[in-house]
Amino acid sequence: MIIKGKVWKYGDDINTDVLFPGKYTYTVTDPKEMAKIALEDLDSEFAKKVQKNDIIIGGTNFGCGSSREQAASCLLYAGVGAVIGKSFARIFFRNCINFGLPALTSPKLVDSVEHGDTIEIDTEKGTITTDKGVFEFPPLPNEVVGIFDAGGLIPYTRKMLGIE
């Protein structure tokens with residue numbers, strides 16, 4: 001899978017409460033509405049300006065905080081093509097996989113790109129191409145690639161069970 005988009009760069013310890021504000025946890029469930037409030041408490045311009053396949057770059061411990069799955073799903077609903085970080089909180093990372101949102105680890109890339117750069121990710125080759133060079137990330141297990149290709153864990157499971 002090829003994902004090409006503009007970089008939205010943020011720092012370390014970006015928690016789930018700024019990705020999807022906790023005050024909406026039980027009141028906003030429509031995907032279109034969730035997309036409109038993505039990163040509201042971190043970057044008020046994000047939801048207004050994000051384009052399909054744009055890429056979020058975070059530092060260490062991206063997605064820390066609560067286990068709120070909306071932190072991953074609202075990014076997907078907003079059109080984000082992937083999240084790249086130095087490291088991820090375990091539950092956020094798993095929620096990204098469950099929703100079919102690639103979460104990739106590439107510390108050297110994080111240090112080299114700037115907000116607004118355009119990058120291209122090749123999930124099959126395990127490379128990220130920027131105007132500053134090509135960066136590698138650890139290969140994704142075949143099952144995870146299958147989940148991304150299917151659009152998330154539920155569609156993948158249905159496909160594997162033959163109940164599409």
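Of all residues in segment 1-36, those satisfying the criterion of being in contact with a Cys (Cβ under 8 Å, 6 or more places away or on another chain) and aliphatic (A, V, I, L, M) are ILE14, LEU19, MET34, ALA35.
Within the bounds of segment 121-128, is there any residue that is touching an Asp or Glu at 6+ places or on another chain (Cβ under 8 Å), over 22 Å from VAL28 (Cα atoms) and free of Cβ contacts under 8 Å to residues at least 12 places away in the same chain? Yes - at least one qualifying residue is present in segment 121-128. With respect to (1) assigned to a loop (DSSP other than H, G, I, E, B); (2) free of Cβ contacts under 8 Å to residues at least 40 places away in the same chain, the lone exception for PHE93 is condition (1). All conditions but one from (1) crowded, with 19+ Cβ neighbours inside 10 Å; (2) more than 17 Å from ILE37 (Cα to Cα); (3) at pLDDT below 95 apply to SER67; the one that does not is (1).
For (1) small (Gly, Ala, Ser); (2) farther than 17 Å from VAL7 by Cα; (3) in contact (Cβ under 8 Å) with a residue 12 or more places away in the chain, each residue gets a yes or a no:
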{"position": "ALA71", "(1), (2), (3)": "yes, yes, yes"}
{"position": "ALA82", "(1), (2), (3)": "yes, no, yes"}
{"position": "LEU101", "(1), (2), (3)": "no, no, yes"}
{"position": "PRO107", "(1), (2), (3)": "no, no, yes"}
{"position": "ASP131", "(1), (2), (3)": "no, no, yes"}
{"position": "PRO138", "(1), (2), (3)": "no, yes, yes"}
{"position": "ALA150", "(1), (2), (3)": "yes, yes, yes"}
{"position": "LEU153", "(1), (2), (3)": "no, yes, yes"}
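Using the structure shown, decide if ARG68 is more than 16 Å from GLY22 (Cβ to Cβ) and not aliphatic (A, V, I, L, M). No. Residues in segment 97-114 that are touching a Leu at 6+ places or on another chain (Cβ under 9 Å) and in a helix (DSSP H, G or I) were compared, and the one that is surrounded by the most Cβ atoms within 10 Å (Cβ to Cβ) is PHE99. Taken over segment 24-56, the criterion of being free of Cβ contacts under 8 Å to residues at least 40 places away in the same chain, surrounded by fewer than 14 Cβ atoms within 10 Å (Cβ to Cβ) and not charged (D, E, K, R) is satisfied by TYR26, THR27, THR29, SER44.
The residue of segment 115-164 that is surrounded by the most Cβ atoms within 10 Å (Cβ to Cβ), among those that are in a helix (DSSP H, G or I) and under 17 Å from the mean Cα position of the chain (by Cα), is ILE147.
The values are calculated or read from the model by the stated rules, or taken from the named source; none is laboratory data. Small disclaimer: the values here were computed from a predicted structure and weren't measured. Neighbour counts run over all protein chains shown; Cβ positions are idealised from the backbone, glycine included.
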